[in-house]
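A short worksheet on the structure shown next.
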Amino acid sequence: RQILSHSLSATMMQRGLRNSRLVVSRRWKSTIKNPSIKISNEGSSSYSKMVLIGASSACGLMGFGLGSSFVDNSSSSSEHQDHHLPSGFPSSCCSCDEKSPEQQEKEKLLVSKLTDICGSENVISKPLEMKMYCKGARIGKDGKAVAVITPGSLRQVVQSLQIIVDANGVILPQGANTGLTGGSTPREGEDGDDEGRICVVVNMKKHLNAFFPIDNGKRVVCLAGAGIADLAAAMKPWGFPDRESHSILGSTFLNPTVAAGVAYGSGGTQLRKGPAYTDRSLYVKIDKDKWGNFVLNVANTLGVEGLQDSDFVTPECGSAIEQLDIYARDVQGQYQRAMASSTEEGLKHKSSNAQDYKTKVTTNTSPQNQKVNRYNADTSGIDVNRSEGKVFILATVHDTFPSPDHKKSYWISFDSLQNAYDFREKVALHNTHDLPISMEYMNNDSIDVICSAGKVLATLITNVGMGSPLIGMLWDVKLKVESLPFTWASTICDTFMYHLNNIMPAALPSDIQKMTNEYSHHVSVTVGDWNQDEMKHFEERMQSYKEQNKDKMKIYKCQTAREEEQLSAFRFVAAPAFRTWCVGNHVQGISVDYALPHNYTHIPQISEKGVAKRMRYSHFGCNVIHEDLAYEPNINVELAKMSLKKTVEHDCHGKLPAEHGHGTEYKAPVETQKRWKRMDPLNVMNPGIGGTSAKFKYQ
Ligand SMILES: Cc1cc2nc3c(=O)[nH]c(=O)nc-3n(C[C@H](O)[C@H](O)[C@H](O)COP(=O)(O)OP(=O)(O)OC[C@H]3O[C@@H](n4cnc5c(N)ncnc54)[C@H](O)[C@@H]3O)c2cc1C
């Protein structure tokens, strides 16, 4: 009942906002943080039904899960304890080790100072309560932290950072903690707290999810906790229905943060926009002065009127920090205020998007060109970009983009991967002007896995929308169940979803389903029209290509908006479906993401031994591949993963990872490590990432 009433009031609130919206130009009305619920065209009753379905799924998930636990425990779950699953969440503890009285005293003092700054409600130091901040979405489970803080203002953030380093502690910046490579949770093992260094997780998402438009909606200023789904949903209520924000990730339904996107160079599906990137930011670097004191240097490249500081000032005179805090309070209090503008310097000399990306993907086409379009180890751009927590991002500026007047989605199936790539070059990447909005590839193993293990989530997303808080809430329920201290807990939800899948309706429209039986390689393309015949040109090229390649491909044009939603939901559930499939089939699984050179059109060779499934799904336009490999129980999957990394990098000249970050999972190239060491010479920020030492000054 609580879920239902919360969701309905949020829906009503959205309706209210929509009806009373004023289209503002120089002024804007801040709105309540947008709950980003999709409003069904059929009215509230059908929406309520879906909420009920969702709520009952949650109850069912819990009920069935607990009810069948003994069966699971006795049969399959014990096997799983020795298996490597793509994303396991066994119970963990953040800081329950035996500690010397001196150490305990030191930690107590730090916690008390942090409490003075942030307030007791924003300092968590009980191991059980810290758990959800200290356990990663895929890896990172036994790290130690003395506290998790959730500051309520940027001023509190910088004051806390100073207190932490003065206590010889280390800082772990955190957004929504959806990172997949262990970079957003405390380190595990002895190296994590060497020399008595204590770790504090600084979570920005909880209270600093604030953002506001500038330049008449052409750009936005985002505090570091701004969620990408909330930001996307805010454009219309702000009065800019013709603009859209930047990122759409597979994790959009979990509302990850804009700042973490920059810290990883997160990618996703948006071919015309490219990865998260900005040269305009307010961020903190930490060093020592000549007297040996820790100093926080605040760098300001925001380029926004009223938010200027000289570069590298102390936090005490950081007027941008104060101004941003006032803005954030106004947003939360729904006060109206004049819209700020970029400074001339900001507009002319600094980029707030991945500017050259469209050109890159359309001109990297010569067969000799071995360049990859984007990857995590890239050292270009100002410090914040791909910094993986080695500087502390407080705020960033990002471009918004004109929304298309209308868009269409196609499902195109090919008889071979080579033909799919040929279509990509000749039709989709023909020029920057009519580049598709997105172009996502899936092989038949991906289709099989999603059809047999992803229909529950796909159906839910199709019906309530990617940004619905209901999905995030169910995800939290799943994580909580999985971290219960029982042997069956880590697999129970997936076991349930795997069995429930059998009674769910088909996730794809029937015509597309037939095409997946006839062909092996599939591309879902969405094209837009901005009133300059972009769609017409694309369609003309596509039809003429089809005429010449009739027997090699088939095209299906989506007939309804619902079919389009089905396609995107189908693609987005690939990763969670893989885990469910592995649990249901009692096999192990590994997941990697890598960037192949733009013109590399083959599949990296791997040993076939013990491979049960090889899902390949990619951001086809830029050749960033997600690969999920299921292995029989007797295979050493860590070795298999490192062997694939070697093949990708040495034989194919690609880069691994591409968009999920190095975190604690992968060693970064020397040049990338050097760049991080220059940003954080003392190694007090997110120590131990990308294969660097976790010790003070990297000793
Ligand atoms: C189901 C699922 C699907 C996903 N799909 C995609 C996808 O399609 N594409 C993709 O790129 N990723 C994807 N991801 C990974 C993840 O969602 C992204 O990496 C996302 O950008 C992380 O955001 P976050 O707020 O959760 O960051 P966190 O996990 O909290 O942090 C990520 C990194 O950023 C650093 N960081 C966070 N905040 C700050 C700050 N203020 N200052 C400095 N450093 C900071 C952290 O220290 C950490 O190193 C997926 C994850 C899941 C669970």
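The values are calculated or read from the model by the stated rules, or taken from the named source; none is laboratory data. The structure presented is a predicted model; accordingly, all values stated were derived computationally and were not measured. All Cβ positions, even for glycine, are placed from backbone atoms using ideal geometry, and neighbour counts span all protein chains on display. All accessible areas refer to the heavy atoms of the entire protein, side chains included, with ligands and DNA or RNA removed. Shrake-Rupley method; radii C 1.70, N 1.55, O 1.52, S 1.80 Å.
Points worth noting:
- Cα gyration tensor shape for region 211-401, rounded if a/c is under 1.5, else prolate or oblate: oblate
- Projecting the Cα atoms of V304, V262, G292 onto the charge dipole of region 220-321 (Cβ charges, centred on the Cα centre) puts V262 farthest toward the positive pole.
- Remark: region 672-686, residue by residue, has Karplus-estimated 3J(HN,Hα) of 5, 4, 4, 4, 5, 5, 5, 5, 9, x, 8, 6, 9, 10, 6 Hz, where x stands for each Gly or Pro and the curve is 6.51 cos²θ - 1.76 cosθ + 1.60 at θ = phi - 60°.
- Taking θ as phi - 60° and the Karplus parameters 6.51, -1.76 and 1.60, the scalar couplings of region 585-594 work out to 9, 6, 10, 8, x, 10, 10, 9, 10, 8 Hz in sequence order, x denoting glycine and proline.
- Accessible area per residue, Å², region 211-401 with all protein chains present, probe 1.4 Å: 36
- Taking amide H atoms as placed 1.01 Å from N in the peptide plane, the amide H of S520 lies under 5 Å from those of F414, each 5 or more residues away in sequence or on another chain.
- Distance from the C-alpha centroid of region 523-595 to that of region 435-501: 18 Å, rounded to the whole angstrom.
- A probe of 1.4 angstrom, applied to the heavy atoms of all protein chains, finds Y545 with accessible area near 20 square angstrom.
- Put simply, the amide H of A147, placed in the peptide plane, has neighbours under 5 Å in V201, leaving out anything fewer than 5 places away on its chain.
- Using C-alpha pairs under 8 Å with a sequence gap of at least 6, the mean separation divided by the residue count of region 107-206 gives a relative contact order of 34 percent.
- Heavy-atom accessible area per residue - region 521-587, 1.4 Å, Å²: 42
- Each Cα pair under 8 Å and six or more residues apart adds its sequence gap; the mean of these over the residue count of region 211-401 is a relative contact order of 34 percent.
- Considering only region 107-206, percent of DSSP beta bridges that pair antiparallel, nearest 5: 20
- Across the protein chains, with a 1.4 Å probe defining accessible surface, the residues V111, V427 rank V111, V427 from largest area downward.
- Carbon + sulfur, % of accessible area of region 107-206 - ligands and nucleic acids excluded, 1.4 Å: 51
- Taking amide H as placed 1.01 Å from N in the peptide plane, S266 has its amide H under 5 Å from the amide H of A276, each at least 5 places away in sequence or on another chain.
- Rolling a 1.4 angstrom probe over region 548-699 with all protein chains present gives an accessible area of which 51% lies on carbon and sulfur atoms.
- Per residue accessible area in Å² of region 471-518, where ligands, DNA and RNA are left out and the probe is 1.4 Å: 46
- Per-residue SASA remark: D651, around 110 Å² accessible (1.4 Å probe; ligands, DNA and RNA not included).
- Among the trypsin sites (Lys or Arg not before Pro) in region 339-389, those located in a DSSP loop and surrounded by at most 13 other Cβ atoms within 10 Å of their own Cβ are K371.
- With all protein chains in place and ligands, DNA and RNA left out, the 1.4 Å accessible area ranks Y283, Y277 as Y277, Y283, largest first.
- Area accessible to solvent at E121, 1.4 Å probe radius, in Å²: 130
- Here region 211-401 has 49 percent of its accessible surface on carbon and sulfur atoms, given a 1.4 Å probe and all protein chains in place.
- Sorting F212, F486 by accessible area puts them as F486, F212; the probe is 1.4 Å, largest comes first, and only protein heavy atoms count.
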